[in-house]
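Taken together, the values in this text are just the output of simple stated rules run on the coordinates, not laboratory data. Note that this is a predicted model, so its numbers are computed, not measured. Glycine also receives a Cβ, built like all others from the backbone with ideal geometry; neighbour counts cover every protein chain displayed.
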Amino acid sequence: MKVLSRSFLAIVFLVVANILVSCNTKQEVKEVSIGFAQCTEGDAWRKTMRREIEREASFHPEIMLSIKDAKNNSATQIKQIKEFIREGVDLLIVSPNESEPIAPVIEEAFEKGIPVILVDRKVNSKLYSAYVGADNYQIGKLAGEYIANLLNGSGKIIEVWGLEGSSPAIERHRGFVEAISKYPLISIVAEVKGEWEKEVAKKRFPLIFEKNPDADLVFAHNDMMALGAYESFADKNVRDRLKFTGFDGLGGANGGLQFVKDGRLDATFLYPTGGEEIMQLAFNILNHKAYKKETLLGTTVIDGRNVHIMKQQADKILKQEESIKRQQAKVKEQIKIYNNQRTLLYVLVFCLVSIVILGALALHSLKAKQEANKALLAKNEEILSQRNEIEAMAQQAAKATEAKLKFFTNISHEFRTPLTLILGPVEDALQSNISIGLKKDMLLVRQNALRLLKLVNQLMDFRKVERKKMRLQATESDLVGFVRDVVFSFDRLARKRQIQLRFKTDLKEAKVYFDRDKLDKVLFNLLSNAFKFTKDKGRITISVELSDNKDYAVVSVEDNGKGMSANQLAHAFDRFYTAEDSSNFGTGLGLALSKEFVKLHQGEISVTSKEWEGTRFIIALPLGAAHLQAEQIINEASLQDRQAPLMAGVLDADQEWTQEEFTGETEALKDHVVLVIEDNRELREFLVTRLQNDFTVIDAPQGAFGLQQALEHVPDLIICDVSLPQKNGYEITTALKQDIRTSHIPIVLLTAKDALENKINGVQAGADLYVTKPFSFLYLLERVKGLIRNRELLKVYYNSAIAIDHKVTATAPKQLDKKFINDLTALVEKNLQNPELSANDVAAALGMSRVHVYRKMKALIGRSLNDFVVDARLKKARHLLLNSQLNISEVAYEVGFSSPTYFSTAFKNHFNMSPSEFKATRMVQVKSLA
């Protein structure tokens, strides 16, 4: 292990040393900043100077160059120079706009230790580091001597000035005047203030020339002003007579060399920009090398004699500049690639070092882990043994708990069927003429059966809460009205016990999202407890108000009963807790369930109590819907469908049905057949006996036989229990609804499972009604009658809308005949698009001979199979014309007619109008309704 550590350290040392050497191969370069205060960049000469300076600066990557343009404004240039001073530039380059105003700020920079290089123009101060530019006095003198020769010692001159306060303009004028002073016949007859700008000279020159039309030559302080004076003449003769000279001699398409070559200028005087010299001087100053304070740039005359050579040289220089730019771009690209590769190399080296380090650590950890594993092996085996024992015990406990929970759930469900058998006969007895004494006994039986049902419901709710399957179904309702209705239901009990029951609120209404069923259970439980623990002639007060911050609706239930001790108060909401000294024993579930229901609303419930003084429960429900999830909110229609009262349809003893509602109904319904599928013998016999008064009843004790009975007899309605042997109610419903022969039959599901998911499963299977046990038989009976009556109304409407005259015999058809017609109708509907459908095909599909089919059709509906098929096609065609966008030809082929002509003839014979007339009439009806 020691040898490994030493080798590892040696490798790490070598790798790190290699990285350090690689990092040091790049020389550290100190960055320096240079500020360039340019008076203007509005002319070609200044732009050429900037390009040259930037090109030279690019050869020195350590130089950070910043350029600011004053745009011929001295105040702006002073401000920019001060900004450079504040930024602490290492060197300052200034091309002064004017000599006098710029001098103080130049001195300020110089006195603060910043080297200052003046370019092109000087200032009225000696406090600067160096000057680079041509000798404007000498170049002016050279121009004067050349022009004197050009004019042969005699002529009149108009001088176009630059900016009068700038040193180049002043010195060029002074040198020019001195040179022509030797020639008495040459004189400057007028001056134009061109301000270095072409457009300014072009605008002002004509006014001066009008006063001096006999001038011979225009002497401009730069080429652009000379060009402006030249272009100000529209008369070519005048332009050809005058001579034009300027300064700068720049290359390029818009430079003085081009103007001379084109003949627009007679001559120009080279005024070098000095960009290369400026940056070389700056480099020497920054690196503390020797330099000259005055760097004067050479000049020469450019005219028709040498302009071609100068132009070629200038163009070559421009091409070289472009080539240099492209080469620099490629160099930068290569440097970028090099830097990326170097960075990648560093990353790879770092990863290699990390891998080596991690590998060494892994080896060390592996060694330590092996040693630790040996030491802990015995303990692990002991722990595994104990864990296995605990798991076995836990599995046994889990099985026992699951068995208890299953028993708990099953026994709770089983309570509902006996309760149905108890409540059914009791309700019948209460509806009949019985003695007052017996009626009191029946009311007592119903009261205790309902009390038992309440306990069962509490047990089931407790089971749902434990399994976290309790779901909220909130809707926005008036909380004030809801609480008032709940309180009113206790009014009779309060009067009986002479308890002062008060409902207090200052609110007209309070819109709150809450689950009506669950909040009803909560309030009912709190009020029941209040009445239980309040003596006769006591006081119970219920109030509804808003919280101080208007975020909650607060419901309180207060009594002046016996109250709670401190121990009872601490366990008030515990499950199955009952005070030992309580004389009123209960399940101990009410308050625990109430708390869970309130928590589902994201609300709070609390209690305050003093023994022998009273108790107050407070419920706080949040306002708005932001605290609820989308699936927890339902609309009013859904609420009515899903939360129908458990005992819906139970009639009070003094409530009667009006005679006109059911006159003749029993006699009409007696012809209908109802199939009852129920495995509980007592409940099945009870239903069969009661339903026989109104229907022909068939029963089945289990699922598979019930399905067989449904397919054999094709009843008008089926009542089926959900929990059945062999096949459950959901499977039977699904099978019947998917069979064309029985899909039209209404199905009522009976079950003790009242959870929302069970109801949803029933609806998804295709059930038309879902009734939970215990149920009111009167409610069930009226719903059965309603379903059959609605089915008959649909049949009447369907037959009246698309008439097919079935001449049924006077006696009702047998069940097998009804099955035959259903099978026949299904077969025809399935093959309606087939124009080749024949009687032989139908007979073969039904498993009968053609003769038997013909006889059967004649006996049952009095018509042939072909007529039946044609009527079915026309019925379908009429439906398509009413409810689709198909045209008449498409409808004809859709229902199996071989041609639209034959279809139109058959349609008119049957409905007394052609398809087109029928469709037009329908459109008129739709428009009138709209």
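Below, the figures for the structure above:
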quantity: Dipole in debye (nearest 20) - the range 32-131, about Cα centre, beta carbon charges: Lys, Arg +1; Asp, Glu -1; calculated: 160 debye
quantity: Distant-in-sequence amide H partners of Val714 (H built 1.01 Å from N, under 5 Å); calculated: none
quantity: Counted charge near Asp441, where neighbours are those whose Cβ lies closer than 15 Å (Asp, Glu -1; Lys, Arg +1); calculated: +1
quantity: Cβ-based charge dipole, the range 32-131, positive-most Cα from Val32, Ala130, Pro104; calculated: Pro104
quantity: Estimated dipole of the range 659-797 in Debye, rounded to 20 [Cβ of Lys and Arg +1, of Asp and Glu -1, Cα centre]; calculated: 300 debye
quantity: For Phe705, net neighbour charge (Lys/Arg +1, Asp/Glu -1) across residues whose Cβ lies under 11 Å away; calculated: -2
quantity: Order of Arg264, Arg86 - criterion: other Cβ atoms within 10 Å of each residue's Cβ, fewest first; calculated: Arg86, Arg264
quantity: Table column - 3J(HN,Hα) (Hz), the range 732-739, Karplus curve with 6.51, -1.76, 1.60, x for Gly and Pro; calculated: 5, 4, 4, 4, 5, 6, 8, 9
quantity: Long-range HN-HN contacts of Val192 with modeled amide H, under 5 Å; calculated: Glu159, Val160, Trp161
quantity: Amide proton proximity set for His60, modelled H, under 5 Å, gap of 5+; calculated: none
quantity: When each of Lys562/Lys773; Lys122/Lys203; Lys193/Lys311; Lys504/Lys599; Lys71/Lys211; Lys202/Lys311 is checked by Cα-Cα distance, pairs over 27 Å; calculated: Lys562/Lys773; Lys122/Lys203; Lys193/Lys311; Lys71/Lys211
quantity: Aspartates and glutamates with Cα under 16 Å of Lys454, excluding same-chain neighbours fewer than 8 positions away; calculated: Glu414, Asp517, Asp520, Asp754
quantity: HN-Hα J in Hz across the range 482-492 - Karplus 6.51, -1.76, 1.60, θ = phi - 60°, x for Gly and Pro; calculated: 5, 5, 4, 5, 5, 5, 4, 5, 9, 5, 4
quantity: 29 Å Cα-Cα threshold exceeded, pairs from Lys126/Lys319; Lys68/Lys319; Lys198/Lys293; calculated: Lys126/Lys319; Lys198/Lys293
quantity: For the range 659-797, radius of gyration divided by Kirkwood radius, i.e. Rg to Rh on alpha-carbons; calculated: 0.94
quantity: Least to most buried among His221, His308, His173, His288 (fewest other Cβ within 10 Å first); calculated: His288, His308, His173, His221
quantity: Cα-based Rg / Dmax (Å) for the range 321-383; calculated: 26.3, 86
quantity: Residues Ser33, Ser166, sorted so that the one with the fewest Cβ neighbours within 10 Å comes first; calculated: Ser33, Ser166
quantity: Cα-Cα P(r), the range 32-131, percent of pairs per 10 Å interval; calculated: 16, 53, 29, 2
quantity: Residue-by-residue Karplus 3J(HN,Hα) for the range 328-333, coefficients 6.51, -1.76, 1.60, Hz, glycine and proline x; calculated: 5, 4, 5, 4, 4, 4
